[in-house]
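Colleague: This structure is in structure tokens; I'll ask about it shortly.
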Amino acid sequence: MTDAVPVLVAMVAEGTNDVEASEVLGTLSLDPACGERILAALAAELTADTAVRIRLAQALAELPGTGPRDLLQRLAGDEDPTVALVASALHGARSAD
């Protein structure tokens with residue numbers, strides 16, 4: 001299943017069935033080894049444009065653990081106010097869990 005990770009991350013970045021891809025990434029990340037790979041792949045995309053960073057934030061919200069929360073917190077300080085707002089809201093929702 002880990003062979004699917006790059007394809008799923010690309011789907012999120014490109015906006016092709018990104019919600020579904022994010023959900024599958026969330027399920028796959030329940031395996032800790034796969035979760036680390038997913039987190040690293042999503043983090044590698046954080047330099048992309050605004051729309052991609054927003055989709056990445058939404059994907060991060062699907063993942064369990066503190067790593068995704070940390071990246072959402074980082075995105076909450078993004079230079080783009082829309083990215084920062086979305087990430088901040090998602091981080092807040094995750095923190096309430």
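Colleague: Once the Cα atoms of helix 18-28 and of the chain are each reduced to a long axis, what angle between those two axes, in degrees from 0 to 90 to the nearest 10, is obtained?
Modeller: Around 60 degrees separate the two axes.
Colleague: Right, next: For the chain, max minus min Cα coordinate along each principal axis, in Å, sorted largest first?
Modeller: The Cα atoms of the chain stretch 35, 28, 19 Å along the principal axes, largest first.
Colleague: Helix 81-96 against the longest principal axis of the chain: what's the angle in degrees, Cα atoms only, rounded to the nearest 10?
Modeller: 70
Colleague: Now, a different point. Probe radius 1.4 Å, ligands and nucleic acids ignored: give me the carbon and sulfur share of the accessible area of the chain as a rounded percent.
Modeller: 55
Colleague: What list of ³J(HN,Hα) values in whole Hz, one per residue of region 44-55 in order, does the Karplus curve 6.51 cos²θ - 1.76 cosθ + 1.60 (θ = phi - 60°) give from phi, with Gly and Pro shown as x?
Modeller: 5, 8, 5, 8, 6, 6, 4, 4, 5, 4, 5, 5
Colleague: Using only the alpha-carbon atoms, how far is helix 66-76 inclined from the longest principal axis of the chain? Give it as 0 to 90 degrees, nearest 10.
Modeller: Result, in degrees: 40.
Colleague: Also, quick follow-up: Just the number please: accessible area per residue for the chain, 1.4 Å probe, all protein chains included, in Å².
Modeller: Per-residue accessible area for the chain comes out at 53 Å².
Colleague: Identify which of Arg69, Arg53, Arg37 has the largest mean-square fluctuation in a Gaussian network model of the chain, with springs joining Cα atoms closer than 10 Å.
Modeller: In this elastic network of the chain, the residue with the biggest mean-square fluctuation among Arg69, Arg53, Arg37 is Arg37.
Colleague: Next question, about the same structure. Calculated from DSSP H runs of 4 or more alone, at -39500 (n - 2.57) each and per residue, what is the 222 nm mean residue ellipticity of the chain, nearest 500?
Modeller: About -22500 deg cm²/dmol.
The values are calculated or read from the model by the stated rules, or taken from the named source; none is laboratory data. Given the structure is predicted, the values throughout are model-derived calculations rather than measurements. Protein only, heavy atoms only, side chains kept; ligands, DNA and RNA dropped before computing areas. Shrake-Rupley method; radii C 1.70, N 1.55, O 1.52, S 1.80 Å.
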